[in-house]
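Visitor: Below is a structure I'd like to ask you about.
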Amino acid sequence: MLAEEISVHKNTRSFNLRVFGCQMNVYDGELIRASFLQRGWLDSDDPTNADVVLFHTCSVREQAEERVHGLLGELRRRKKANHKVVIAVVGCMADREGRALFDREPHVDIVCGSRHFPELADMVERVIGGEERICELGESPNKVDEPERNLAGFPGGYQAHVAVMRGCDMNCTYCIVPSVRGRVESRPAAEIIEEIARLVEHGVTEVHLLGQTIDSYGRDLPRATRPDLALLLDELENIEPLKRIRLVTLHPSYVDQRLADAMARSSKFMRLLPVPMQSGSDRVLKEMKRGYNTDLYRQRIAILRAAMPDLELVSDWIVGFPGETDADFEESVVAMEEHNFLQSYVFQYSPRPGTVAFDMADDVPKEVKATRNHRLLDLQRRIARQRSPRLVGTTCSIMLESRSERNAGQWIGRTRTGHYALLPDQPGLAAGREVAVQLLEHNGRELIAELLGELVPVARFDHEEFPV
Ligand code: SAH
Ligand code: SF4
Ligand code: F3S
């Protein structure tokens, strides 16, 4: 109670924001944070004291939603003790559950869908002004992204997220994303480039470009001036201090030669590419309505690997999709081995109300889902362990990430293809700096690197942490 009173007396208003879900939500969280900071709110990391508690949520699996319901439950008593605390559920879960959220969580004041968060700070002011239960869902007349992003919410550091498109036009039968995020809206190329140029001025050397099917970027824009991902990669080549570009996530259907060539000629494109396969069974892929079969997937990967022989791939997998038999699952095992992914994320199928698959029987028992999950993860670990040692003896560049926590006196960095390497500490090393190295050996976990040549001092790396 004392903390509540102090906050009122000092007339300082604070917000606490917790972000769940994918990298797009992390990016959106930075925009939300910026809009509150701009209005003079204080950023608080303590939800038990902040005047406004915001949850930026995810609906992709039931577990993600239940976690937020659990946290909301913890706030019930606080709201009872102080009805002035404002609680908002923002993002995908708001869109999926809608007004029904007020029934299950009567102490929530705002339900704000993923295309309405730019108005969130206004909604909070309205609640403070006395309005009750504000709910904004679905389409918005306004674009989510401002032409010029307010960078006040950018946390600093050398890595930054940048949304290049929003929504998804695919209709995978298991997936809630299209219904909560809406149809694809690509951002104009000039806005994206400008945003990255400004981030680079703040010390960023690695950007993660985000979109649910990022290789379809631009297809919704007017034909005459339509940009695409290849053009974006070419344009970003001109931003010299930018060293690395990561793309998250590709859909196999949109991979073509033009894009593969642009990736291959880019000096910044990070050759660690998520192209989720989801299943190795043609029957299951068809039921999922993924829009490709294993053969088409193979062809698209062949285009990419022919252009970039050192390319590493990352995949997502769903185990226990309705009707997935042991034989179907074994085909996923075979596919994982065939494509030699460097990393995989494995998810147990979770029925999502409103999706096509929700009406199919969720007939794979929990224990079977769990066993399949472990088997794929074990296999992935085995495949990954074999891939890094192949680089021993080569020279390459690594992007320094941080001082290694497990290895005293060492920095940890990543090759352009995503492999981890250790480099002995020496003056001039800094997070976000790219350095040329020789890879000497592999310790079973990371590559061991040695600096090639002298480290030339660079003004922007004089400080260990970027002064953002
Ligand atoms: N747009 C990306 C992925 C977005 S969702 C793509 O198409 O690949 C991230 C991952 O969550 C998906 O790749 C999928 O593996 C998983 N996922 C989506 N819906 C799911 C569900 N209902 N149950 C379990 N996993 C799911
Ligand atoms: Fe979901 Fe499919 Fe769109 Fe990915 S491509 S977000 S899995 S509907
Ligand atoms: Fe989750 Fe929404 Fe992202 S459902 S995965 S937060 S687009």
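The values are calculated or read from the model by the stated rules, or taken from the named source; none is laboratory data. This one's a predicted model, so the numbers in the text were calculated from it and none came from an experiment. Backbone-built Cβ (ideal geometry, glycine too); neighbour counts: all protein chains shown. Protein only, heavy atoms only, side chains kept; ligands, DNA and RNA dropped before computing areas. Shrake-Rupley method; radii C 1.70, N 1.55, O 1.52, S 1.80 Å.
Visitor: If the requirement is being within 29 Å of the chain's Cα centre (by Cα), touching a residue at least 24 places away in the same chain (Cβ under 8 Å) and in the same structural domain as Val333 (by TED's automatic domain parsing), which of these qualifies: Leu400, Leu447, Leu422, Leu379? Break it down stepwise before answering.
Guide: Values: Leu400 fails: in the same structural domain as Val333 (by TED's automatic domain parsing); Leu447 fails: in the same structural domain as Val333 (by TED's automatic domain parsing); Leu422 fails: in the same structural domain as Val333 (by TED's automatic domain parsing).
Matching residue, one of Leu400, Leu447, Leu422, Leu379: Leu379.
Visitor: Another question about this same structure. Counting only residues that are under 26 Å from Tyr345 (Cα atoms) and of a type outside the set (Phe, Trp, Tyr), give me the strands (runs of 3 or more DSSP E) lying completely in segment 356-468 with at least 3 of them. Let's see the steps before the verdict.
Guide: Details: elements: 395-403, 410-415, 420-424, 434-442, 447-451.
Strands (runs of 3 or more DSSP E) meeting the threshold: 395-403, 410-415.
Visitor: Next question, about the same structure. Check Tyr174, Tyr158 and return the single one that is among the aromatic types (Phe, Trp, Tyr) and within 16 Å of ligand 2 (Cβ to nearest atom). Break it down stepwise before answering.
Guide: Values: Tyr158 fails: within 16 Å of ligand 2 (Cβ to nearest atom).
Selected residue: Tyr174, the only one of Tyr174, Tyr158 that is among the aromatic types (Phe, Trp, Tyr) and within 16 Å of ligand 2 (Cβ to nearest atom).
Visitor: Still on this structure, I have one more. Output the residues belonging to segment 121-156 that are open to solvent by 30 Å² or more (accessible area, probe 1.4 Å) and within 30 Å of Val200 (Cβ to Cβ).
Guide: Selection gives Asn142, Lys143, Glu146, Pro147, Glu148, Asn150, Ala152, Pro155.
Visitor: Among the candidates Val8, Val26, Val60, Val52, which residue alone is more than 10 Å from ligand 3 (Cβ to nearest atom) and modelled with pLDDT of 95 or more? Break it down stepwise before answering.
Guide: Working: Val8 fails: modelled with pLDDT of 95 or more; Val26 fails: more than 10 Å from ligand 3 (Cβ to nearest atom); Val60 fails: more than 10 Å from ligand 3 (Cβ to nearest atom).
So the residue among Val8, Val26, Val60, Val52 that is more than 10 Å from ligand 3 (Cβ to nearest atom) and modelled with pLDDT of 95 or more is Val52.
Visitor: Still on this structure, I have one more. Is it fair to say Gly138 is of a type in the set (Gly, Ala, Ser), in contact (Cβ under 8 Å) with a residue 40 or more places away in the chain, more than 16 Å from ligand 1 (Cβ to nearest atom) and not in a helix (DSSP H, G or I)? Break it down into steps so the answer makes sense when it comes.
Guide: Numbers: of a type in the set (Gly, Ala, Ser): yes; in contact (Cβ under 8 Å) with a residue 40 or more places away in the chain: yes; more than 16 Å from ligand 1 (Cβ to nearest atom): yes; not in a helix (DSSP H, G or I): yes.
Answer is yes for this residue.
Visitor: Here's something else I'd like to know. Would you point out the residue of segment 17-62, among those that are closer than 24 Å to Ala163 by Cβ and among the polar types (S, T, N, Q), that is surrounded by the most Cβ atoms within 10 Å (Cβ to Cβ)?
Guide: Filtering first and then ranking leaves Thr57.
Visitor: Which of the numbered conditions does Ala361 fail, given that it passes all the others? Conditions: (1) of a type in the set (Gly, Ala, Ser); (2) without any contact (Cβ under 8 Å) to a residue 40 or more places away in the chain; (3) within 13 Å of ligand 1 (Cβ to nearest atom).
Guide: (3)
Visitor: Out of the residues in segment 50-62 that are more than 18 Å from Arg13 (Cα to Cα) and in a strand (DSSP E or B), which is farthest from ligand 2 (Cβ to nearest atom)? Step through it out loud before you land on a result.
Guide: Going through segment 50-62, the residues more than 18 Å from Arg13 (Cα to Cα) turn out to be 56-62.
The next check asks that each one be in a strand (DSSP E or B); those that pass are 56-57.
Details: His56: 18, Thr57: 16 Å.
Among residues in segment 50-62 that are more than 18 Å from Arg13 (Cα to Cα) and in a strand (DSSP E or B), the one farthest from ligand 2 (Cβ to nearest atom) is His56.
Visitor: Next up: Please determine, by comparing only the residues of segment 63-120 that are in a loop (DSSP other than H, G, I, E, B) and free of Cβ contacts under 8 Å to residues at least 24 places away in the same chain, which one is most open to solvent (accessible area, probe 1.4 Å). Step through it out loud before you land on a result.
Guide: Within segment 63-120, the subset in a loop (DSSP other than H, G, I, E, B) is 75, 82-85, 98-99, 105-109, 113-116.
Now drop any that are not free of Cβ contacts under 8 Å to residues at least 24 places away in the same chain, which leaves 83, 106.
Numbers: His83: 140, Pro106: 78 Å².
So the residue we want is His83.
Visitor: Anything in segment 276-334 that is in contact with a Cys (Cβ under 7 Å, 6 or more places away or on another chain) and either open to solvent by 10 Å² or more (accessible area, probe 1.4 Å) or polar (S, T, N, Q) (or both)? List them, or say none.
Guide: Within segment 276-334, the subset in contact with a Cys (Cβ under 7 Å, 6 or more places away or on another chain) is 288-290.
If the condition is that a residue be in contact with a Cys (Cβ under 7 Å, 6 or more places away or on another chain) and either open to solvent by 10 Å² or more (accessible area, probe 1.4 Å) or polar (S, T, N, Q) (or both), then Lys289, Arg290 are the ones that fit.
Visitor: Please work out which residue is farthest from ligand 1 (Cβ to nearest atom), limiting yourself to segment 39-57 and to residues that are within 28 Å of Gly211 (Cβ to Cβ) and touching a helix residue (DSSP H, G or I) at 6+ places or on another chain (Cβ under 6 Å). Talk me through it step by step, then tell me what you get.
Guide: Step one: list which residues in segment 39-57 are within 28 Å of Gly211 (Cβ to Cβ), which gives 43, 54-57.
With touching a helix residue (DSSP H, G or I) at 6+ places or on another chain (Cβ under 6 Å) added as a condition, the list becomes 55-57.
Values: Phe55: 19, His56: 16, Thr57: 14 Å.
Result: Phe55.
Visitor: Could you list, in sequence order, all residues of segment 183-240 that are assigned to a strand (DSSP E or B) and over 26 Å from Phe461 (Cβ atoms)?
Guide: Initial filter on segment 183-240 (assigned to a strand (DSSP E or B)): 185-186, 206-210.
Correct list: Glu185, Ser186, Leu210.
Visitor: What residue, of Ser388, Ser404, is of a type outside the set (A, V, I, L, M, F, W, C), surrounded by 17 or more Cβ atoms within 10 Å (Cβ to Cβ), away from ligand 2 (no atom under 16 Å from the Cβ) and under 28 Å from Asp295 (Cα atoms)? Steps first, please.
Guide: Values: Ser404 fails: under 28 Å from Asp295 (Cα atoms).
Just a single option satisfies the conditions, and that option is Ser388.
Visitor: Related question: So Cys168 passes all but one of these: (1) in a loop (DSSP other than H, G, I, E, B); (2) within 15 Å of ligand 2 (Cβ to nearest atom); (3) open to solvent by 30 Å² or more (accessible area, probe 1.4 Å). Which condition number does it fail?
Guide: (3)
Visitor: A further question on this structure: Give the residues of segment 176-218 that are more than 18 Å from the chain's Cα centre (by Cα), buried (at least 16 other Cβ atoms within 10 Å of the Cβ) and within 16 Å of ligand 1 (Cβ to nearest atom), sorted by residue number.
Guide: Ser179
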